Amino acid sequence: MSEADHGWMEALMRPSGTLSVGSLLVGTWMAFLSIINIAFGAYSNGRRVNWIDFITNGDETNSVHELAISFPDDIVFILLSSLFIAAGVFGIGSSREDGFRGWFFGLPQDRIFTSLISTEGGLGRSFASWMILVGAAYYLVWSSLESTWVDPGVYSVMISFVMAGVGLNWVQDAKLES
């Protein structure tokens with residue numbers, strides 16, 4: 001194997017921590033949506049989402065109200081979420097010396113979590129962390145109250161808050177490095 005091929009393989013086997021955490025979060029969110037869709041219906045008025053059609057702009061919903069797994073939609077979405085979760089766990093484990101377990105048990109001391117209750121890391125970091133929390137809370141509360149979990153308008157508001165918070169946290173990290 002040439003040196004370029006070896007570097008490519010090493011990059012694949014040791015992904016970035018940030019990308020891995022993102023994969024874990026997206027996979028967990030997809031698994032959560034799968035459970036909601038199976039149990040209650042993730043679309044408005046208790047209708048279930050046909051995931052493959054929803055993603056490819058086909059017939060987005062059906063009106064089934066019973067607890068059931070639709071094949072292949074729910075199965076494919078659950079498998080896809082499992083792959084995202086596995087990639088995230090593997091990536092976090094390989095990007096840290098203490099592995100996934102160390103990352104998971106270190107979350108309460110993470111700069112984003114600690115800045116929610118303290119301005120020790122700076123007011124900018126606290127503001128950024130609160131933006132992430134407000135965006136996630138907005139999505140969860142609104143979706144719970146309205147019984148729809150796949151509303152593009154709610155996603156756009158939530159993503160605006162969360163990504164602005166993530167970006168501001170990265171700015172704070174860059175200030176510490178320089």
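Just so it is clear, none of the values below were taken in a lab; they were calculated from the coordinates. In this text, all values refer to a predicted model and were calculated from it rather than measured experimentally. For neighbour counting, all protein chains shown are included, and Cβ atoms are generated from backbone atoms with ideal geometry for every residue, glycine included.
Quick notes on this one:
- Translational D in µm²/s for segment 74-124 (Stokes-Einstein at 37 °C, 0.692 mPa s, Kirkwood Rh from C-alpha pairs): 253 µm²/s
- The mean of 1/r over all pairs of different alpha-carbon atoms in segment 18-175, once inverted, gives a Kirkwood hydrodynamic radius of 17.2 Å.
- Nearest-0.05 FRET efficiency for LEU140 and ARG101, computed from C-beta distance (R0 35 Å): 0.85
- Estimated D of segment 107-178 in µm² per second, where Rh is the Kirkwood radius over Cα pairs and Stokes-Einstein applies at 37 °C, 0.692 mPa s: 256 µm²/s
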